[in-house]
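What follows is one structure encoded as structure tokens, with my remarks underneath.
Rule-based calculations on the coordinates, nothing more; no lab input. Because the structure is predicted, anything quoted here is derived from the model rather than measured. Cβ sites come from the backbone with ideal geometry, for glycine too, and all protein chains shown count toward neighbours.
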DNA sequence: AGTGAAAATGAAAGTCATTTTCATTAAAGC
DNA sequence: GCTTTAATGAAAATGACTTTCATTTTCACT
């Protein structure tokens with residue numbers, strides 16, 4: 001049974017909040033984890049439907065929100081207006097290829113530190129941030145237009 | 001006549017592209033410039049209508065796109081799903097207050113340089129980026145919840 | 001196993017920012 | 001002034017997401 005830790009984590013969240021344990025939630029969590037990140041609701045929906053043909057979009061949207069609340073997923077908004085979900089883990093930022101859509105994660109302590117210093121100058125309390133570099137990945141830059 | 005430079009710049013762009021010089025475009029450019037930045041289409045629309053009551057949303061949207069193409073404005077997408085336009089000028093990043101919506105601009109050569117080094121490591125060509133810090137401004141952090 | 005209250009589901013309708021369509025109007029070159 | 005071509009604006013369409021609501025499930029308690 002893959003992703004057992006995450007499924008247990010979902011169960012615990014559901015119990016703690018008096019929510020119910022349903023096969024839809026299980027299925028959506030599995031589909032999301034199998035896709036390993038940066039996936040849209042639509043993609044999750046079509047993956048889940050392969051196994052459970054009558055799960056609707058509504059349930060996918062609702063469940064992904066729940067997984068975010070449970071700390072298992074997190075929402076990302078890149079520049080195409082579609083919400084993507086990634087597996088929750090340590091903070092990081094992104095390189096996004098404008099041609100093939102590939103998303104590379106990066107992190108840089110130096111930048112994190114510098115941005116807090118900047119915020120300080122404006123007496124601004126940073127709660128979260130986004131830092132995205134858009135351009136072309138190696139393969140796409142090499143490929144003909 | 002305020003913002004004469006920008007109006008001339010619009011005229012030039014229209015001529016170069018065989019587009020027409022209309023009072024709506026003039027009015028929208030004026031309204032946009034008077035607001036001095038980070039304004040939504042809706043705000044522009046309501047400002048313009050004060051003077052020209054029958055300019056529609058459609059024209060505002062179309063004209064703002066044109067102003068972006070003409071290099072006079074640029075689009076920004078923060079986290080509320082509404083497109084904002086700012087007066088085009090040197091690249092910079094933003095601090096966004098989650099309570100009052102205040103937007104502070106900043107720039108940091110050090111961060112810019114560091115992010116290019118990171119991209120290099122992934123052989124990624126950066127075309128543009130966004131870097132936004134979300135949190136509370138001084139006034140809002142001090143105010144009661 | 002049976003019951004019932006509370007929560008979950010899903011289909012359909014609703015939002016909301018933005019875009020498209022299309023019939024009408026207005027610039028600008030002759 | 002005419003004519004071509006672009007611009008306008010009202011209304012309909014789009015698309016991602018949310019809400020509604022009647023129905024179904026879960027689960028704590030018999």
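Given 0.36 nm per residue, what is the gain on full extension from residue B:92 to residue B:40 after removing their alpha carbon distance, in nm? Let's see the in-between values first.
Working: separation 52, 0.36 × 52 = 18.72 nm, distance 1.88 nm.
Separation in residues times 0.36 nm, less the Cα-Cα distance, equals 16.8 nm.
What is the projected area of the convex hull of the Cα atoms of the protein assembly as shown, averaged over all directions, in nm²? Present the calculation step by step, with values, prior to reporting the outcome.
Working: hull surface 83.9 nm².
The directionally averaged projection comes out at 21.0 nm².
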Highest GNM mean-square fluctuation, chain B, Cα pairs closer than 10 Å: which of B:108, B:97, B:68?
B:108
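Remind me, relative contact order of chain B in percent, using alpha carbon pairs under 8 angstrom and six or more residues apart?
Values: 140 pairs, mean separation 25.7, N = 145.
RCO, chain B: 18 percent.
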Give me the angle, in degrees from 0 to 90, between the Cα long axis of helix A:23-35 and the longest principal axis of the Cα atoms of chain A, rounded to the nearest 10.
40 degrees
Could you check the simple spin-label distance between residue B:123 and residue A:143, using points 7 Å along Cα→Cβ, in nm with one decimal?
1.5 nm
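How much FRET efficiency would the formula 1/(1 + (r/R0)^6) give for residue B:114 and residue A:80, where r is the Cβ-Cβ distance and R0 is 22 Å, rounded to 0.05? Don't skip to the end; give the middle numbers.
Values: r = 26 Å, r/R0 = 1.19.
Taking R0 as 22 Å, the efficiency between residue B:114 and residue A:80 is 0.25.
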So what's the gap between the Cα centers of the stretch B:79-145 and the stretch A:74-133, to the nearest angstrom?
10 Å
So what is the 222 nm mean residue ellipticity for chain B from helices alone, if each DSSP H run of at least 4 adds -39500 (n - 2.57) and you divide by all residues, rounding to the nearest 500 deg cm²/dmol?
-14500 deg cm²/dmol
GNM result for chain B, Cα springs below 10 Å: residue of B:69, B:120, B:80 fluctuating most strongly:
B:120
Dmax and Rg, reported as Rg then Dmax, of chain B (C-alpha, Å)
17.9, 55
Go ahead and set up a Gaussian network model of chain A, Cα springs under 10 Å, then flag whichever of A:121, A:49, A:76 fluctuates most.
A:121
Here FRET efficiency (C-beta to C-beta, residue A:24 to residue B:62, R₀ 41 Å, nearest 0.05) is 0.45
Residues of B:63-72, mean number of Cβ from any other protein chain within 10 Å of their own Cβ, rounded to a whole number?
0
Exposure proxy order (Cβ contacts within 10 Å, fewest to most) of B:58, A:83:
B:58, A:83
